[in-house]
Number of protein chains: 2
Amino acid sequence: MVRLTKKIEYALMALKYISDECDKIVTAKQISENLNIPNQLLAKILQKLKKEKILESVQGIKGGYKLGKKLNEISLSFLIETIEGDMGIVDCLKTDRQGECCQTDSCNIKDPINQVQTEIYKVLKNKMVSDFV
Amino acid sequence: MVRLTKKIEYALMALKYISDECDKIVTAKQISENLNIPNQLLAKILQKLKKEKILESVQGIKGGYKLGKKLNEISLSFLIETIEGDMGIVDCLKTDRQGECCQTDSCNIKDPINQVQTEIYKVLKNKMVSDFV
DNA sequence: TTAAAATACGACTTTTTAGGTCTTATTTTG
DNA sequence: CAAAATAAGACCTAAAAAGTCGTATTTTAA
């Protein structure tokens, strides 16, 4: 299965929402209510985006989030890695799982799978979040 | 997450194995033992491939499988659809799930997601199983 | 004609991942 | 200091992937 998770969808929706608000600071609550996204889940996604400087945050009662990068500087691949971590299309190509595969010896398709991964990755790398606006 | 399932991996491995045996008939057991794939699971994958004429089968004690199509006629996208069914990268783009999404009204990213899907699909459609040999 | 070995098929169980919640801290403003 | 926001981690639940079990059917050959 080739799919984007809800978290990625929510991140894209939120980024678009924040972008539409220009330089105003918006709260997680505001976003989740407007876009119909579970509040706490969104909060954690936004925190991950903040860690990678995709968003900037302000704490406290007047706090919230605003963009930390321009949308055309954020690739879909970077967004996915920020939220989901290392993105191998199969386990044995994930950097943190290498050597775990019990098929290593009998596997006859590793190189070509790698090629597919490279090509999909290229698509995701060339797709910018700004394309979603 | 963008990933291929084990089933797809197993299918690719099996197809390569069968292809390497030229026109000899090979049994599921033989494949699973040589490639270290759970027997029953492989058996069901092979049956799906058979239903789409990717493989031909012979029943009975001298039975087994052989190729029903040339590997360069089988695209990765067709293989995925054969094994996993309809492949939308997000639920709302799956043909059997349209209208189920509770975000329909607030969703602000449907069209661009559709574009990403189209591009990934293109990669998978242009990648033939023969590229895996 | 029956035993063995293969495919065929559906129900079931287990494991893993995704999705979502709860709780508690910390920060900031009025 | 109360209120409302971010911050963070543990936890729970639901869904999907991965794998198993049981049984029927087909075919060959002794």
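For B:Ile61, which of the numbered conditions (1) in contact (Cβ under 8 Å) with a residue 12 or more places away in the chain; (2) away from chain A (no Cβ under 14 Å); (3) in a loop (DSSP other than H, G, I, E, B); (4) within 11 Å of DNA strand D (Cβ to nearest atom) fails to hold? Failed condition: (1). Being within 15 Å of DNA strand D (Cβ to nearest atom) and not aliphatic (A, V, I, L, M) is the filter; apply it to the range A:105-122 and report the residue that is modelled with the lowest pLDDT. Applying the filter and picking the extreme gives A:Ser106. Of B:Lys50, B:Lys7, all but one fail to be open to solvent by 50 Å² or more (accessible area, probe 1.4 Å) and either within 23 Å of A:Cys92 (Cβ to Cβ) or out of contact with any strand residue (DSSP E or B) (no Cβ under 9 Å at 6 or more places or on another chain) (or both); the exception is B:Lys7.
Quick grid of which residues meet (1) touching a residue at least 60 places away in the same chain (Cβ under 8 Å); (2) within 13 Å of another protein chain (Cβ to nearest Cβ); (3) of a type in the set (A, V, I, L, M); (4) outside any strand (DSSP E or B):
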site	(1), (2), (3), (4)
A:Leu49	no, no, yes, yes
A:Ser57	no, no, no, no
A:Phe78	no, no, no, yes
A:Ser106	no, yes, no, yes
A:Gln115	no, yes, no, yes
A:Asp131	no, yes, no, yes
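Filtering the range B:10-41 to residues that are open to solvent by 40 Å² or more (accessible area, probe 1.4 Å) and facing chain A (nearest Cβ under 7 Å) leaves B:Asn34, B:Asn36.
Does B:Ile8 satisfy the criteria of being over 30 Å from A:Lys7 (Cα atoms) and within 8 Å of DNA strand D (Cβ to nearest atom)? So B:Ile8 fails the test.
Of the residues examined, A:Lys125 is one that is at pLDDT 90 or above and either of a type in the set (Lys, Arg) or in contact with a strand residue (DSSP E or B) (Cβ under 6 Å, 6 or more places away or on another chain) (or both).
Please work out which residue is farthest from the other protein chains (Cβ to nearest Cβ), limiting yourself to the range A:80-104 and to residues that are at pLDDT 90 or above and crowded, with 18+ Cβ neighbours inside 10 Å. Across the range A:80-104, the extreme among qualifying residues is A:Thr82.
The values are calculated or read from the model by the stated rules, or taken from the named source; none is laboratory data. Being a predicted model, the structure only gives us computed values, none of them experimental. Glycine also receives a Cβ, built like all others from the backbone with ideal geometry; neighbour counts cover every protein chain displayed. Heavy atoms of the whole protein, side chains included, go into the accessibility calculation; ligands, DNA and RNA do not. Shrake-Rupley method; radii C 1.70, N 1.55, O 1.52, S 1.80 Å.
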